[in-house]
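The values are calculated or read from the model by the stated rules, or taken from the named source; none is laboratory data. Keep in mind that this is a model prediction, so the values were computed, not measured. Using ideal geometry, Cβ is built from the backbone for each residue, glycine included, and neighbour counts are taken over all protein chains shown. The accessibility values were calculated without ligands, DNA or RNA, using every heavy atom of the protein model including side chains. Shrake-Rupley method; radii C 1.70, N 1.55, O 1.52, S 1.80 Å.
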Amino acid sequence: MSGAGQALGSLNGLDGLGRADAPALRVDPRAMIVTTFLFIAVVSSFDKYDLLGLLPLVLYPVSLMALGRVSFRRIARRLLVASPFAVMIGIFNPVFDGRIIAELGPLAVSGGWISFASILVKFLLTVSAALLLVEICGFDAVCFGLGKMGVPRVLVSQLLFLKRYIHVAADEAARMVRAHALRSFRRRGMSFRVFGSLCGQLLLRSLDRAQRIYNAMISRGFSGRIHLLRERSVRGGDILFASLWIGFFLLVRLYNIPLWIGTLVLGSLA
Amino acid sequence: MSHHIVELKNLEFAYADGTPALRGVSFRIVHGESVGLVGANGAGKSTLLLHLNGCLFPVGGTVQVGDYPLTRKNVDDVRRRVGMVFQDPDDQLFMPRVFDDVAFGPLNLGLPRDEVESRVHGALRQVGADHLAERPPYKISGGEKRAAAIATVLSMSPDILVMDEPSSGLDPLSRRQLIELLRRFRHTKIIATHDLDLVLDVCERTIVLNGGRVAADGPTAEIFRDEALLMANHLEKPLRMQPLAGC
């Protein structure tokens, strides 16, 4: 299978756990969305040199993986795909920021290396939290949760249709590319002219399909809002889940817990 | 029962670029009739079907569905009575699960939740797809998709079923199951198709379209025996009516 095909396959698997009959962790998507967004905001708010302060936040994705029985490999594989972007953002920090700000025994560590590491840790935490949100709740449930939280209906519908039809569009593109390849013989790649024409064709076909889907929707009484029969209501357990985690995030943000533990341990040793 | 009637009088339609698609089509279909709509590519079959539930509006002539003439004002009443199954099930199944897709219409009708749930299960049972309820539509087979697409309109309890190429892309067994399913329905049925054997099995009446006009309208067996008529309309006898050769 091609790289694109594999990526689309993994998109298919995104809601595998959320859709399971008995998901390991039953939390209302809204509670998970609020918790995840606050987690991302708290992680992003740390100073670029405050690597130590970030570490306790690892507890959140690790706990979700354990409670939701999501395999580490599953998340790690996706993190690996996105990691080049984070590496590219921070790779030049050690070059431009050579100021020594920490010493690990005989090893002097520059601010650039610490900020680079901080970018990578922030990336791992935020992206894994977002992936776990979708893994545990399911992409569709997250979309409907967003809709219930006031996100515009148009945007929610767009997200749902994007996931539903990306495979259909990709299949169509793959068929066109194959048809091109079969008639290209030894010529490798695709000229800009052909590529432009292929993209245009794909757009026109997608517009046609969009019209047909819209026809199918209005034929069944669609008037701008997608209704769902099984809509969950927020329960006490969901509020408790969100409150406990948000409390923990704030605690970590306000107090440097690793430093506090370190001081405590060293104080007792002295 | 007048609400099962479909009547077209001098229906005319032209696309935005001026290309005429329908030129004065007239026919009347009464309660419980199964009608096959056949003709060459571009004869106007799909365009005609899109008029039956107000996806398109005529530029001339009238469409009457039951007690309602098709107008922008009462298009919702017309759509409630006409269940349209589109050619590509992927266009019809757009929700995350088959269950949500089948519930889509009843929920839009504002039915109570219990009623919606019973209609969904009833419709899925009718097409033998109860086991697909929780599956995402993109993960089921072509035959299953077709069954689910039919369930999405059955759940709205339509008086009239309209289908565009229902057997396209189906393997022989799925096609046979579809035919058996269609034969069981007591609805008024209008089926546009190139599958003339399906028409022979399901429809007692056939309308032949050619260049946006009705070229013939009569009992299916009679129309399919008329080789000259079939030839003139880019059709040929259903396989079952052709003499065996070389066997």
Efficiency of FRET from Cβ geometry, A:Asp208 and A:Val177, R₀ 22 Å, rounded to 0.05: 0.70
As computed over chain A, the Cα convex hull volume per residue (Å³): 203
Förster radius 45 Å - calculated FRET efficiency between B:Ala14 and A:Leu229 (Cβ-Cβ, nearest 0.05): 0.65
0 to 90° range, to nearest 10: angle between helix A:111-137 axis and chain A longest Cα axis: 50
Estimated FRET transfer efficiency (A:Ala169, A:Ala76; beta-carbon r; R0 22 Å; 0.05): 0.15
Lysines whose Cα lies under 28 Å from that of B:Lys73, excluding same-chain neighbours fewer than 8 positions away: B:Lys9, B:Lys45, B:Lys189
Residues along region B:152-180 losing 20 Å² or more of accessible surface when the other protein chains are present rather than the chain by itself (probe 1.4 Å): B:Met156
Charge-dipole axis of chain A as Lys and Arg at +1 and Asp and Glu at -1 on Cβ define it, positive-most pick from A:Gly105, A:Phe72, A:Gly138: A:Gly138
Qualifying chymotrypsin sites (Phe, Trp or Tyr not before Pro) in region A:176-224, DSSP loop, other Cβ atoms within 10 Å at most 13: A:Phe185
Degrees, to the nearest 10: A:72-90 long Cα axis against longest axis of chain A: 80
Projected-area average for the protein assembly as shown over all orientations - Cα convex hull basis, square nanometres: 34.2
Zone of B:His31's modelled label, taken as backbone nitrogen in region B:52-70 under 20 Å from a point 7 Å along Cα→Cβ: B:64-69
Net charge dipole size for region A:3-249 [Lys, Arg +1 and Asp, Glu -1 on Cβ; Debye, nearest 20]: 1320
Antiparallel bridges, percent of DSSP beta bridges restricted to chain B (to nearest 5): 55
Positive-end extreme of charge dipole, the protein assembly as shown - chosen from A:Ile246, B:Leu50, A:Leu204 (charges on Cβ): A:Ile246
Whole-number percent relative contact order across chain A, with pairs defined as alpha carbons under 8 Å at least 6 apart: 33
Considering only the protein assembly as shown, percent of DSSP beta bridges that pair antiparallel, nearest 5: 55
Where chymotrypsin sites (Phe, Trp or Tyr not before Pro) fall in DSSP loop in region A:90-125, at most 12 other Cβ within 10 Å: A:Phe92
Longest site-free stretch - chain B; sites: trypsin sites (Lys or Arg not before Pro), DSSP loop, at most 16 other Cβ within 10 Å: B:74-185
Accessible surface of region B:108-247 [probe 1.4 Å, protein heavy atoms]: carbon and sulfur percent: 51
Gained length - B:Thr62 relative to B:Arg125, 0.36 nm times residue gap less alpha-carbon distance: 19.0 nm
For region B:6-125, the spread of Cα positions along each principal axis, largest first, Å: 45, 30, 28
Rg over Rh [alpha-carbon atoms, Kirkwood Rh] for region B:156-216: 0.98
Trypsin sites (Lys or Arg not before Pro) within region A:172-220, DSSP loop, no more than 16 other Cβ atoms inside 10 Å: A:Arg183, A:Arg186, A:Arg187, A:Arg188
Spatially proximal lysines relative to B:Lys139 (Cα-Cα < 19 Å; intrachain offsets below 8 disregarded): A:Lys163
Buried accessible area, chains A and B (both chains, 1.4 Å probe, Å² to nearest 100): 2900
Gyration tensor (alpha-carbon) shape descriptor, region B:71-126, a/c threshold 1.5: oblate
Set of lysines with alpha-carbon distance to A:Lys48 below 16 Å, sequence-local pairs under 8 removed: A:Lys122
Accessible surface, per residue, of the protein assembly as shown when the full set of protein chains is kept, probe 1.4 Å, Å²: 51
